[in-house]
1. Go from 0 up to the bin containing the longest alpha carbon distance in the chain, width 10 Å each, and give me the % of pairs per bin.
2. With only Lys, Arg, Asp and Glu charged, each at its Cβ (+1 for the first two, -1 for the last two), find how big the charge dipole of the chain is about the Cα centre; round to the nearest 20 debye.
3. Just want the ordering: GLU225, GLU85, GLU32, GLU171, from fewest to most Cβ atoms lying within 10 Å of their own Cβ.
4. Going by how many other beta carbons lie within 10 Å of each one, how would you line up MET103, MET43, fewest first?
5. Would you work out which of VAL156, PRO214, ALA204 lies farthest towards the positive end of the dipole of the stretch 36-248, given +1 charges on the beta-carbon of Lys and Arg and -1 on that of Asp and Glu, about the Cα centre?
6. Find the Cα radius of gyration of the stretch 26-119, compare it with 2.2 N^0.38 Å by division, and give the number to two decimals.
7. With the radius of gyration and the Kirkwood radius both derived from the Cα set of the stretch 58-204, what is their ratio Rg to Rh?
8. Quickly estimate the mean residue ellipticity at 222 nm for the chain, helices only: each DSSP H run with n ≥ 4 gives -39500 (n - 2.57), and the total goes over all residues, rounded to 500.
Amino acid sequence: MATTGEEVTGGLKIQPMDQFVVKPLFGGDTIEWYTPTNVTLWMGIAVLATVVLLVLATRRRAIVPSRGQSVAELLYGFIHNMVEEIAGHNAIKFFPYVMTLFMFIFLSNVLGLIPTSFTTTAQFAVTTALALLVFFTVTVVGFVRKGPGFLKMFWVSSAPLALRPILALIELISYFVRPLSHSIRLGGNLMAGHAVIKVFAGFAGVMGVGSIVPIAAITAIYGLELLVAAVQAYVFTILTCVYLRDAVGEAHH
């Protein structure tokens, strides 16, 4: 017979989504648009890490590069080639923007793997802002460079005339869906991986000797998440280059 008023305790309690809760840095429960939060903190750390890697590590520009300079030069060449090969030579002027975008996302992803840190790129507010920035940049640049001719990208001239209006509508819808897919792809993958790690960590805390199994799983998932951190930054950046090609390149329809 249960005693009234008694609270049942114990059992396995895992809250994998708690790690994504946005909290004010200096206490309180109210968050305004100007309130410094854990998201603000870790975005700032990602920016600082970018400056350290790309500016401080390369300030001497030695003939025999240091490890920091070698990493910075490798990333610089990799993104530069990506922009030129995918978006075309005309898009090289946007290289600093694309490079900054890649470094911020990549370092935010990696920093989010540090225990007790916060993964800013798992927040859809952050990824949506980044995706909208790309969307409006491409749209504005496209109209500035091509004028009304930018709309030709929606008109599939190689298709039969009867199908062109339908295809134009599909192209238009897919164009405006870009920010949604661009942001969800990044945020969803980061959130899913971190949630799985938290679940296995919860099991490891209650299984005693048997916790070696979830700990081994966490180790394997961490390795996978490092790969995901790089791949998702790469995917976001390469899609940005594809979208830039629409604005600065020639139409291929």
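1. Here the calculated profile for the chain is 6, 23, 27, 22, 13, 6, 2, 1.
2. On the way: 15 positive and 12 negative charges, 163 e Å.
That gives a dipole near 780 debye.
3. Values: GLU225 24, GLU85 10, GLU32 7, GLU171 15.
Neighbour counts put them in this order, fewest first: GLU32, GLU85, GLU171, GLU225.
4. Working: MET103 23, MET43 19.
If I rank by nearby Cβ atoms, fewest first, I get MET43, MET103.
5. VAL156
6. Details: Rg = 16.5 Å, N = 94, 2.2 N^0.38 = 12.4 Å.
Compactness ratio reported: 1.34.
7. Values: Rg = 20.1 Å, Rh = 18.6 Å.
Expressed as Rg/Rh, it is 1.08.
8. Numbers: 6 runs with 151 residues, N = 253.
That comes out to -21000 deg cm²/dmol.
Every number in this text was worked out from the coordinates using simple rules, so none of it is lab data. A quick note: this is a predicted structure, and the numbers were derived from the prediction, not measured. No Cβ is skipped: glycine too gets one built from the backbone with ideal geometry, and neighbour counts run over all protein chains shown.
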